[in-house]
Amino acid sequence: MFKSARIKLTTWYLTIIMLVSLCFSFFIYRAVSTELEMGFRRAEIRHHAQDMGLQLPRRFSMRQEELRPELQEIAPRFLFIEDLEEAKRAVLFRLVTVNGVILLVSALASYLMAGNTLAPIEKAMEEQKRFVADASHELRTPLTALKTSMEVALREKQFNSKQAKIVLKEAVTDIDHLANLSTKMLRLSSLQQGSKIKFSAVDLSELVKDVTNKIKPLAREKEIQIETDLTKCIIEADSEQIREMITILIDNAIKYSNKKDKVKFTLKPLKKYVQIIIQDSGIGIAQKHLPHIFDRFYRVDSSRSKKKADGFGLGLSLAKQIIEVHEGRIDVVSRVEKGTTFIVKLPLKKS
Ligand code: ADP
């Protein structure tokens, strides 16, 4: 599909370039021809004038009525007509050659330009396709599990209310999982489509305090201690989106930490940015996985990380998207079994 689009675009670029080039060549040919005719005429008149022993100034008017009467008769004639035609043919030949070269060079340039123009569209379409394929895969797994448990329950001859409750409980868990997944996918898609951001002044330290308070019960389950080092920082941002991003990062820090580990949250204002550091001493991420963890649906394929926490591999891509919408950046440093540090930089509010 993109090959034929590239060829079509190349043809369009080439047509435009060649039209411009041919128009220029036509005007150049016309101008040079006129100049040649004038030059030849002037040379002929001067030649005849010399034969007649007349002296002409360096520049003289060639209008019939302004010429000397002796010269008026020979002025319209072209004695060197063949030389003139030869000179015009030479000009034409040069122009055709130049246009031939332009055609070849611009065909190549147009092909490259068309490739460059289509590359981001091709990338976006590839991503879209991958997203749809991954999303359907993620949706199908819990749906299949749900269907199987229902079918098994239906086949059961004696099905008491206790068994029914177990099946229904599992079904509710699967449905929750699906609902969670579709919410995350919708959030990601709306962010990617440039959903409206409600910018306002946000006190980041207050927001972090609020998030950590809400997440404390989860940390307590694993006896994880959350340490904070917060300096008051005001940023211009969508507070709900920033809350979501911080929740994802703290939630991951807890999810991928061992029992009794520590999670440290630091807020540090720099010159133009605020630095948010979320540091854990958990299972860490192997170097080879680091470049991919922000990709949609990417989960580190280690039995430890999968066993320890369930998820869809959408959290970090969502967090990154939010940060980018706010003109910030996110970096990660990690060592297996030593822990992971995420460093987020967001622009401070211009005072
Ligand atoms: P998930 O829903 O799987 O947590 P994320 O997009 O949030 O998806 O994270 C992608 C993957 O990156 C995770 O599956 C996990 O393997 C790894 N990861 C993210 N945060 C951490 C962390 N703090 N420590 C170790 N691994 C992490």
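The values are calculated or read from the model by the stated rules, or taken from the named source; none is laboratory data. No experiment lies behind these values; they were computed from the predicted model shown. Don't worry about glycine lacking a Cβ; one is built from the backbone with ideal geometry, like all the others, and counts go over all protein chains shown. Heads up: the accessible areas ignore ligands, DNA and RNA and are worked out on the full protein's heavy atoms, side chains in. Shrake-Rupley method; radii C 1.70, N 1.55, O 1.52, S 1.80 Å.
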Magnitude of the charge dipole, the range 200-332, Cβ model with Lys/Arg +1 and Asp/Glu -1, debye to 20: 620 debye
Pairwise centroid distance, computed over Cα atoms, of the range 106-170 with the range 7-66, Å: 70 Å
Unit charges at the beta carbon, dipole of the chain: most positive-side option, PRO142, ALA114, ILE235: PRO142
Segment THR34-ALA119, length gained on full extension (0.36 nm per residue, minus Cα span): 25.9 nm
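Which percent, nearest 5, of DSSP beta bridges in the chain are antiparallel?
Details: 26 of 32 bridges.
Here the antiparallel bridges make up roughly 80 percent for the chain.
State the volume of the convex hull built on the alpha-carbon positions of the range 86-210, expressed per residue in Å³ and rounded to an integer.
Numbers: hull volume 28.0 nm³, N = 125.
Hull volume normalised by residue count: 224 Å³.
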Dipole of the chain, positive direction: furthest Cα of ASN213, MET185, THR341, with charges on the beta-carbon: ASN213
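Sort largest first and round to whole Å: the equivalent ellipsoid semi-axes of the chain, each the square root of five times a Cα gyration tensor eigenvalue. Let's see the in-between values first.
Details: eigenvalues 1267, 163, 54 Å².
The answer is 80, 29, 16 Å, longest axis first.
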Value of [θ]222 nm, deg cm²/dmol, for the chain, DSSP H segments ≥ 4, -39500 (n - 2.57) each, nearest 500: -21500 deg cm²/dmol
Principal axis dimensions, the range 202-348 - Cα atoms, whole angstrom, descending: 40, 30, 23
Added length on full extension, which subtracts the Cα-Cα distance from 0.36 nm per residue, MET150 to GLU206: 15.5 nm
The range 263-280-the range 218-233 distance, computed between alpha-carbon centres (Å): 13 Å
Net charge, ASP295 excluded, C-beta distance under 15 Å - Lys, Arg +1, Asp, Glu -1: +2
Among LEU267, LEU154, ALA31 - extreme Cα towards positive end, dipole of the chain, charges at beta-carbon: LEU154
The range 190-265, accessible area per residue, ligands and nucleic acids excluded (1.4 Å, Å²): 53 Å²
q = 0.15, 0.17 Å⁻¹, the range 11-116: log10 I(q)/I(0) [Debye, one scatterer per Cα]: -0.72, -0.82
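Report, to the nearest whole %, how much of the accessible area of the chain belongs to carbon and sulfur atoms, 1.4 Å probe, protein only.
Numbers: 13180 of 22570 Å².
For the chain, the apolar C and S fraction of the accessible surface comes to 58 percent.
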Lys, Arg +1 and Asp, Glu -1 on Cβ, resulting dipole of the chain about Cα centre, debye, nearest 20: 1780 debye
Overall Cα dimensions of the range 163-276 - principal axes, largest extent first, Å: 61, 40, 18
Cut-off under 5 Å, modelled amide H: who pairs with VAL274 long-range: LEU346, LEU348
